[in-house]
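Written out below as C-alpha coordinates is the structure these notes cover.
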Amino acid sequence: DLSPRMLERARSRGTYDDLVCAELMDYLARAAGRFDLMVAADVLIYFGDLQPLFAGAARALQPGGLLAVSVERSDGPKYQVLRSGRFAHTRAYVYQAAQPAFDVCCEEQAMIRLEATVPVAGMLYVLQRR
(Lines give C-alpha, C1' and ligand atoms only; values in the text may rest on other atoms or scores of the structure.)
Protein backbone atom coordinates (compact mmCIF):
# COMPACT_ATOMS: atom_id res chain seq x y z
CA ASP A 1 0.00 0.00 0.00
CA LEU A 2 1.07 3.59 -0.44
CA SER A 3 -0.44 4.69 2.86
CA PRO A 4 1.51 4.09 6.08
CA ARG A 5 -1.75 4.63 8.00
CA MET A 6 -3.50 1.86 6.08
CA LEU A 7 -0.55 -0.43 6.69
CA GLU A 8 -0.70 0.36 10.41
CA ARG A 9 -4.38 -0.61 10.45
CA ALA A 10 -3.55 -3.85 8.63
CA ARG A 11 -0.66 -4.56 11.00
CA SER A 12 -2.97 -4.13 14.01
CA ARG A 13 -5.08 -7.06 12.77
CA GLY A 14 -2.14 -9.44 13.14
CA THR A 15 -3.06 -11.49 10.07
CA TYR A 16 -0.34 -10.52 7.57
CA ASP A 17 3.15 -11.99 7.31
CA ASP A 18 4.55 -8.99 5.46
CA LEU A 19 3.35 -5.45 4.74
CA VAL A 20 5.17 -3.13 2.35
CA CYS A 21 4.78 0.60 1.80
CA ALA A 22 5.56 1.03 -1.91
CA GLU A 23 4.15 2.11 -5.25
CA LEU A 24 2.93 -1.04 -7.00
CA MET A 25 4.87 -0.73 -10.27
CA ASP A 26 8.14 0.02 -8.43
CA TYR A 27 7.57 -2.96 -6.15
CA LEU A 28 6.84 -5.32 -9.05
CA ALA A 29 10.02 -4.17 -10.81
CA ARG A 30 12.06 -5.35 -7.80
CA ALA A 31 10.22 -8.67 -7.34
CA ALA A 32 11.33 -10.68 -10.38
CA GLY A 33 10.18 -14.31 -10.14
CA ARG A 34 9.25 -13.93 -6.49
CA PHE A 35 5.63 -15.10 -6.52
CA ASP A 36 3.57 -18.08 -7.62
CA LEU A 37 0.26 -16.34 -6.79
CA MET A 38 -0.73 -12.69 -6.79
CA VAL A 39 -4.15 -11.25 -5.92
CA ALA A 40 -5.18 -7.70 -6.84
CA ALA A 41 -8.68 -7.16 -5.49
CA ASP A 42 -10.07 -3.67 -6.15
CA VAL A 43 -6.64 -2.50 -7.36
CA LEU A 44 -7.06 -2.28 -11.13
CA ILE A 45 -9.68 0.44 -10.64
CA TYR A 46 -6.72 2.79 -10.14
CA PHE A 47 -5.15 1.93 -13.52
CA GLY A 48 -6.44 2.85 -16.95
CA ASP A 49 -3.91 1.13 -19.22
CA LEU A 50 -3.46 -2.38 -17.79
CA GLN A 51 -0.63 -3.46 -20.09
CA PRO A 52 2.25 -2.10 -17.93
CA LEU A 53 0.66 -3.58 -14.80
CA PHE A 54 0.22 -7.02 -16.40
CA ALA A 55 3.80 -6.89 -17.74
CA GLY A 56 5.10 -6.08 -14.24
CA ALA A 57 3.02 -8.85 -12.70
CA ALA A 58 4.31 -11.31 -15.31
CA ARG A 59 7.91 -10.45 -14.36
CA ALA A 60 7.13 -10.91 -10.65
CA LEU A 61 5.41 -14.27 -11.18
CA GLN A 62 7.12 -17.58 -11.75
CA PRO A 63 6.20 -19.39 -14.99
CA GLY A 64 2.79 -20.97 -14.47
CA GLY A 65 2.02 -18.53 -11.65
CA LEU A 66 -1.47 -17.16 -11.17
CA LEU A 67 -2.74 -13.61 -11.07
CA ALA A 68 -6.28 -13.11 -9.71
CA VAL A 69 -7.77 -9.66 -10.33
CA SER A 70 -11.04 -7.81 -10.11
CA VAL A 71 -12.12 -5.01 -12.43
CA GLU A 72 -15.07 -2.70 -12.51
CA ARG A 73 -17.04 -3.66 -15.62
CA SER A 74 -17.44 -1.30 -18.56
CA ASP A 75 -19.44 -1.63 -21.75
CA GLY A 76 -17.80 1.46 -23.22
CA PRO A 77 -14.33 1.93 -24.66
CA LYS A 78 -11.38 -0.25 -23.62
CA TYR A 79 -11.28 1.60 -20.33
CA GLN A 80 -12.84 4.74 -19.00
CA VAL A 81 -12.69 6.99 -15.97
CA LEU A 82 -15.93 6.98 -14.03
CA ARG A 83 -17.44 9.79 -11.94
CA SER A 84 -15.89 8.12 -8.90
CA GLY A 85 -12.44 8.79 -10.40
CA ARG A 86 -11.92 5.04 -10.74
CA PHE A 87 -11.38 3.12 -13.96
CA ALA A 88 -13.69 0.52 -15.50
CA HIS A 89 -12.48 -1.96 -18.14
CA THR A 90 -14.14 -4.02 -20.85
CA ARG A 91 -13.78 -7.79 -21.02
CA ALA A 92 -12.17 -7.54 -24.47
CA TYR A 93 -9.59 -5.08 -23.19
CA VAL A 94 -8.64 -7.24 -20.18
CA TYR A 95 -8.02 -10.14 -22.58
CA GLN A 96 -6.02 -7.91 -24.93
CA ALA A 97 -3.87 -6.45 -22.15
CA ALA A 98 -3.22 -9.87 -20.60
CA GLN A 99 -2.49 -11.66 -23.89
CA PRO A 100 1.26 -11.09 -24.22
CA ALA A 101 2.09 -12.96 -21.01
CA PHE A 102 -1.06 -14.61 -19.66
CA ASP A 103 -3.78 -17.07 -20.52
CA VAL A 104 -7.19 -16.39 -18.99
CA CYS A 105 -8.04 -19.45 -16.86
CA CYS A 106 -11.45 -18.29 -15.72
CA GLU A 107 -13.68 -15.29 -15.39
CA GLU A 108 -16.83 -14.57 -13.46
CA GLN A 109 -19.23 -11.68 -13.04
CA ALA A 110 -19.31 -10.46 -9.46
CA MET A 111 -20.25 -7.60 -7.20
CA ILE A 112 -16.78 -6.29 -6.42
CA ARG A 113 -17.73 -3.88 -3.63
CA LEU A 114 -20.48 -1.72 -2.21
CA GLU A 115 -20.27 1.98 -2.93
CA ALA A 116 -22.62 4.00 -0.71
CA THR A 117 -24.58 0.74 -0.18
CA VAL A 118 -24.97 0.24 -3.96
CA PRO A 119 -23.44 -2.93 -5.45
CA VAL A 120 -20.73 -2.29 -8.07
CA ALA A 121 -20.75 -4.66 -11.04
CA GLY A 122 -17.42 -6.16 -11.87
CA MET A 123 -15.53 -9.12 -13.20
CA LEU A 124 -13.10 -11.50 -11.56
CA TYR A 125 -10.33 -13.03 -13.67
CA VAL A 126 -7.70 -15.64 -12.96
CA LEU A 127 -4.76 -15.36 -15.34
CA GLN A 128 -1.91 -17.85 -15.69
CA ARG A 129 1.56 -16.72 -16.68
CA ARG A 130 2.91 -18.54 -19.68
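The values are calculated or read from the model by the stated rules, or taken from the named source; none is laboratory data. Keep in mind the model is a prediction, meaning the values are calculated, not measured. Quick reminder, even Gly has a Cβ in these numbers, built from the backbone with ideal geometry, and neighbours come from all protein chains shown. Heavy atoms of the whole protein, side chains included, go into the accessibility calculation; ligands, DNA and RNA do not. Shrake-Rupley method; radii C 1.70, N 1.55, O 1.52, S 1.80 Å.
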Is any residue of segment 5-40 close enough, with backbone N under 16 Å, to a label point placed 7 angstrom from the Cα of L114 along the Cα-Cβ axis, and if so, which?
-> none
State log₁₀ I(q)/I(0) for the chain at q = 0.18, 0.20 Å⁻¹ as given by the Debye formula over alpha-carbon point scatterers of equal weight, solvent excluded.
-> -1.07, -1.26
Which percent of the accessible area of the chain is formed by carbon and sulfur heavy atoms (probe 1.4 angstrom)?
-> 53
Amide hydrogen neighbours beyond the local backbone of R113, cut-off 5 Å, H modeled | V120
Estimated vicinal HN-Hα couplings, Hz - segment 119-128 in sequence order (Karplus 6.51, -1.76, 1.60; Gly, Pro = x) = x, 9, 6, x, 10, 10, 10, 10, 10, 10
Heavy-atom accessible area per residue of segment 30-101, all protein chains kept, 1.4 Å probe, expressed in Å², is 53
Residue-ordered couplings for segment 87-92, obtained by feeding phi - 60° into the Karplus form 6.51 cos²θ - 1.76 cosθ + 1.60 and rounding to whole Hz (Gly and Pro as x), are 9, 10, 10, 7, 4, 4
With +1 on each Lys and Arg Cβ and -1 on each Asp and Glu Cβ, how big is the dipole of segment 58-127 about its Cα centre, in debye rounded to the nearest 20?
-> 220
Rounded to the nearest 10 Å², the accessible area of C106 at probe 1.4 Å | 70
Rounded to the nearest 10 Å², the accessible area of D36 at probe 1.4 Å | 100
Sites L124 and D75, calculated FRET efficiency, Cβ-Cβ separation with R0 22 Å, nearest 0.05 | 0.80
Work out from phi, with θ = phi - 60° and the Karplus expression 6.51 cos²θ - 1.76 cosθ + 1.60, the ³J(HN,Hα) of each residue of segment 46-59, listed in order in whole Hz, and give x for Gly and Pro.
-> 9, 10, x, 6, 8, 4, x, 5, 5, 5, x, 5, 4, 5
Take the eigenvalues of the Cα gyration tensor for segment 24-101, scale each by 5, and report the square roots as semi-axes in whole Å, largest first.
-> 23, 13, 10
Using a simple charge model, +1 on the beta-carbon of Lys and Arg, -1 on the beta-carbon of Asp and Glu, nothing else, what dipole does segment 1-100 show about its Cα centre, in debye to the nearest 20?
-> 160
